[in-house]
Amino acid sequence: MQWTDRIRQVKIILVVAAVLIAVASLFISQYLVRDLFLEERHKMEVWAEAMRSLNNADENTDLNLVLKVIDGNNTIPVIVLDKEGRASTFRNVRIEAVDYEDSLRVAAKMGEAMLKAGKAVKIYLDDEASGDFINVCYDDSVMIKRLQLWPYIQLGIVMVFVVVAIFALLTSKRAEQNKVWVGLSKETAHQLGTPISSLMAWTEILKETYPDDDLLPEMDQDVRRLQLIADRFSKIGSLPELAPCSISEVLGHVVEYMDRRTSAKVSMRTVMPEEDVIVNINASLFEWVIENLCKNAVDAMEGQGDITLRVEKEEGKVLIDVTDTGKGIRKKDIRNVFTPGFTTKKRGWGLGLSLAKRIVEEYHKGKIYVKNSEVGKGTTFRIELKTT
């Protein structure tokens, strides 16, 4: 449980870091855009003053500086409107028109839009009392427009980085878990092999020595059970063989096994369709899945309650529900129940459900999930398998 909390904290830190970077970038870009906007407005005021000087020029006016200022604007779109709203000239503005007169009409409309947006400098040609003025309308330069878009581009890049980082983290952890699963399972099967072989040999000797002993069949059954467990572990990490099997028969084996090992206060029943359901599964591993779900149900019910195994057949798939009347799962824990290491028990490794998920989804290409759970009333796990 601590491991899952640590992974969740890493995810949260990555997301928060990404948000902080994006917000910081947004503020910095806004400051830059604001400074550039003020600088461009100042340039437009100087440019408008140069236009006024050009309009009022006489034979004694030195036009070199004025023309240099006017010709120096190669980036800021500008449209000059007279007091009637007609365009007299424009610069750095892309206009599609049939002739010059038409371009002036189009420019006048664009200039009006700039004027309404507050992007204009009003210059009186003589003095304010004369009432003769022009509006130098301008738009943001290409540089400002690019800077305005940059924070959103950067935000997208950061989010992609976070998603890739989280995906890489989860992938590496999953690969590491798979290696641990395979190594642990193979080693367990190997370690169990020798003592199980010895036990099988001893039971055979005991059968010959005490042929009428009533305990020997039970001992033999337990040894065979150990052999089955070792066989299951040996199949983890390799692709198991699937074969058509009867679901009712598989569930029957689980119920028989659980009945012998649970209290009489635990009631187990199966609800099956009228016709037998045949599915391609590995019977040994799939029984392991159902056993894990049933054992968890017994623990959740604290040794007293009802377990129902229900099988339904839909178009193209089979649904298997395992329902108990236990203490239920809290909503915040439902998404973590299949995470390796997560457990709510005082004693437990938190591997049973993660193993069940691996068997169902990776080996049988099915689905397993918590269908519903209510604290104090019970839980239903659902398994979905494709039919043959």
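The values are calculated or read from the model by the stated rules, or taken from the named source; none is laboratory data. Owing to the predicted nature of the structure, the values given are computational and were not obtained by experimental measurement. All Cβ positions, even for glycine, are placed from backbone atoms using ideal geometry, and neighbour counts span all protein chains on display. Quick note on the areas: whole protein, heavy atoms, side chains included, nothing else; ligands and nucleic acids left out. Shrake-Rupley method; radii C 1.70, N 1.55, O 1.52, S 1.80 Å.
In table form, for the structure just shown:
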| quantity | calculated |
| --- | --- |
| All Cα pairs of the chain, percent lying beyond 42 Å | 48 percent |
| Part-to-part distance (alpha-carbon centres) for segment 197-232 and segment 351-369, which is given in Å | 31 Å |
| Charge dipole (debye, nearest 20) of segment 263-310; +1 at Cβ of Lys and Arg, -1 at Cβ of Asp and Glu | 160 debye |
| Cα long-axis angle, helix 247-261 against the chain (0 to 90 degrees, to the nearest 10) | 60 degrees |
| Carbon plus sulfur fraction of accessible area for the chain, probe 1.4 Å, in percent | 57 percent |
| Degrees between helix 100-116 axis and first principal axis of the chain (Cα, 0 to 90, nearest 10) | 70 degrees |
| Per-peptide average of other Cβ atoms within 10 Å, ordering 274-282, 12-20 highest first | 274-282, 12-20 |
| Furthest towards positive pole of dipole, Ile153, Thr89, Ser354, structure part the chain, Cβ charges | Ser354 |
| 1.4 Å probe accessible area per residue over the chain, in Å² | 61 Å² |
| Residue-averaged 222 nm ellipticity for the chain, from DSSP H runs of 4+ at -39500 (n - 2.57), nearest 500 | -19000 deg cm²/dmol |
| Charge context of Gly326, other residues only, Cβ under 10 angstrom, K/R +1, D/E -1 | -2 |
| Cross-link pairs Lys327/Lys367; Lys327/Lys357; Lys68/Lys116; Lys327/Lys365; Lys265/Lys386; Lys265/Lys332 - those with Cα-Cα distance over 27 Å | Lys68/Lys116; Lys327/Lys365; Lys265/Lys386; Lys265/Lys332 |
